[in-house]
2 protein chains.
Amino acid sequence: MDRFEERATDRLDEEGGFELDEFAASFLLFRLATQYLGHLESSVHRPEGISTAGFRVLFTVWVYDELEPRQIARLSGVSTAAVSGVLTTLEGAGLIIKEMDSNDRRLRRVRLTPEGTAVLLRTYRRQNDLEKDFFAHLSRTELAGLTTQLRSLLDSLE
Amino acid sequence: MDRFEERATDRLDEEGGFELDEFAASFLLFRLATQYLGHLESSVHRPEGISTAGFRVLFTVWVYDELEPRQIARLSGVSTAAVSGVLTTLEGAGLIIKEMDSNDRRLRRVRLTPEGTAVLLRTYRRQNDLEKDFFAHLSRTELAGLTTQLRSLLDSLE
DNA sequence: CAATAATCGTTAAGGCCTTGACGACCAACC
DNA sequence: GGTTGGTCGTCAAGGCCTTAACGATTATTG
């Protein structure tokens, strides 16, 4: 526990009425997420010329070959308005294309260009290398346990 | 494992050369963080009239009573430029004050106003309630184990 | 001591996120 | 078959984040 966490715990304890164990877990999750995402963005995504948001969209579309903006939003957990903006950026960079649906003209179908696929694979190779380092000090068993717990927390949010 | 995760794993497996266990853990951490932070912002922070970034700054300053912007940035894991912007917003809302340091005129000292303190405590009460729900299905032992693992991952990032 | 170097906070530019409002479009009902 | 009500994607406003460049101020050093 570093000085900040320690001091925060003391302050909350003085104040009274707080659950300190839950504070610790939430605080650490919050902090780990911030640090991890920042690290990923500055050392993997930006060097490949895309943002973390752009990577998330590219990856999601790559997995399904073709998706509608609404589905990208649902799968990646952001609003459709956010996806709309990111798609504009990715389209400008030539990494994706948006096609019209001939049956329902409200719909768009998003797919990766060959360059988009290349960028995605190159970027995820790097990210996966970083992931290996990040979890390197955990045994296979510990890693599986962590995965199970994360999945369980995620389920309880829905 | 939901359909998206399953399909992503299959695609990566076809492609070859990826560590799938690390993918799963990273993918879930990424997703949990997005969902959890989004949930916190929309059901706790915004209803109290502040942003997640504002909450983070208020909390950090509250723990230390008084801090310089640079220290807030380091403790909360964002750039000093980001802190500068958030402080402007919080100051406009009357939740913090920035004082000059008389010895070194480059420095600012940030403190909470009485209203800032009230907002912070009210907001964290709500957040702590949500944290209790969020971790409710874990036993004390499991929660402690999770905390230990999060702390360990965080250490390996520094 | 003056000139140079380092440090602090802010601003600028480019992107992203949220909610709310909106046009375009489809479906369903009277 | 028109009107009425949903649905899809986009835009607008307000905030936040990053890096880079800047003024202001303090520290160092020849």
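The values are calculated or read from the model by the stated rules, or taken from the named source; none is laboratory data. A quick note: this is a predicted structure, and the numbers were derived from the prediction, not measured. With ideal geometry, Cβ positions are generated from the backbone for all residues, glycine too; neighbour counts draw on all protein chains shown. SASA here: full protein model, heavy atoms, side chains in, ligands and nucleic acids out. Shrake-Rupley method; radii C 1.70, N 1.55, O 1.52, S 1.80 Å.
From A:E48, A:E142, A:E66, grab the single residue that is out of contact with any strand residue (DSSP E or B) (no Cβ under 8 Å at 6 or more places or on another chain) and more than 13 Å from DNA strand C (Cβ to nearest atom).
Values: A:E48 fails: more than 13 Å from DNA strand C (Cβ to nearest atom); A:E66 fails: out of contact with any strand residue (DSSP E or B) (no Cβ under 8 Å at 6 or more places or on another chain).
Exactly one residue qualifies, and that residue is A:E142.
Across region B:84-120, what is the total count of residues that are away from DNA strand D (no atom under 15 Å from the Cβ), among the hydrophobic types (A, V, I, L, M, F, W, C) and free of Cβ contacts under 8 Å to residues at least 12 places away in the same chain?
Applying the first criterion (away from DNA strand D (no atom under 15 Å from the Cβ)) to region B:84-120 yields B:97, B:111-115, B:117-118.
Next cut, among the hydrophobic types (A, V, I, L, M, F, W, C) only: B:97, B:112, B:118.
Narrowing further to those that are free of Cβ contacts under 8 Å to residues at least 12 places away in the same chain: B:118.
Residues in region B:84-120 being away from DNA strand D (no atom under 15 Å from the Cβ), among the hydrophobic types (A, V, I, L, M, F, W, C) and free of Cβ contacts under 8 Å to residues at least 12 places away in the same chain: 1 in total.
Using the structure shown, decide if A:L40 is more than 15 Å from DNA strand D (Cβ to nearest atom), within 30 Å of B:T147 (Cα to Cα) and not assigned by TED's automatic domain parsing to the domain that holds A:L143.
On the way: more than 15 Å from DNA strand D (Cβ to nearest atom): no; within 30 Å of B:T147 (Cα to Cα): yes; not assigned by TED's automatic domain parsing to the domain that holds A:L143: yes.
Criteria not met by A:L40.
Of everything in region B:112-158 that's surrounded by fewer than 20 Cβ atoms within 10 Å (Cβ to Cβ) and of a type in the set (G, A, S), which residue is farthest from the chain's Cα centre (by Cα)?
So, considering only residues that are surrounded by fewer than 20 Cβ atoms within 10 Å (Cβ to Cβ) and of a type in the set (G, A, S), the one farthest from the chain's Cα centre (by Cα) is B:S139.
Going by the conditions given, is A:A82 in the same structural domain as A:V119 (by TED's automatic domain parsing) and surrounded by fewer than 18 Cβ atoms within 10 Å (Cβ to Cβ)? Full working, then the answer.
Working: in the same structural domain as A:V119 (by TED's automatic domain parsing): yes; surrounded by fewer than 18 Cβ atoms within 10 Å (Cβ to Cβ): yes.
So A:A82 passes the test.
Among (1) more than 17 Å from B:R31 (Cβ to Cβ); (2) more than 9 Å from chain B (Cβ to nearest Cβ), which single condition is A:R11 missing?
For A:R11, the exception is condition (2).
Taking the options A:R56, A:R105, A:R74, name whichever one is more than 16 Å from A:R125 (Cα to Cα) and near DNA strand C (Cβ under 8 Å from one of its atoms). Break it down into steps so the answer makes sense when it comes.
Values: A:R56 fails: more than 16 Å from A:R125 (Cα to Cα); A:R74 fails: near DNA strand C (Cβ under 8 Å from one of its atoms).
A:R105 is the lone residue from the list that is more than 16 Å from A:R125 (Cα to Cα) and near DNA strand C (Cβ under 8 Å from one of its atoms).
Take B:E131 and decide whether it is out of contact with any Asp or Glu (no Cβ under 8 Å at 6 or more places or on another chain), under 23 Å from B:T52 (Cα atoms), acidic (D, E) and without any contact (Cβ under 8 Å) to a residue 24 or more places away in the chain.
On the way: out of contact with any Asp or Glu (no Cβ under 8 Å at 6 or more places or on another chain): no; under 23 Å from B:T52 (Cα atoms): yes; acidic (D, E): yes; without any contact (Cβ under 8 Å) to a residue 24 or more places away in the chain: yes.
When the stated conditions are applied, B:E131 does not pass them.
Can A:L29 be described as within 8 Å of another protein chain (Cβ to nearest Cβ), more than 16 Å from A:R125 (Cβ to Cβ) and open to solvent by less than 40 Å² (accessible area, probe 1.4 Å)? Full working, then the answer.
Details: within 8 Å of another protein chain (Cβ to nearest Cβ): yes; more than 16 Å from A:R125 (Cβ to Cβ): yes; open to solvent by less than 40 Å² (accessible area, probe 1.4 Å): yes.
Judged against the criteria, A:L29 is a match.
Could you pull out every one of the helices (runs of 4 or more DSSP H) wholly within region B:41-149 that has 1 or more residues that are more than 11 Å from chain A (Cβ to nearest Cβ), among the charged types (D, E, K, R) and within 26 Å of A:Y36 (Cβ to Cβ)? Don't jump to the end; show me each part of the working.
Numbers: elements: B:52-64, B:69-76, B:80-92, B:114-134.
Answer list for region B:41-149: B:69-76, B:114-134.
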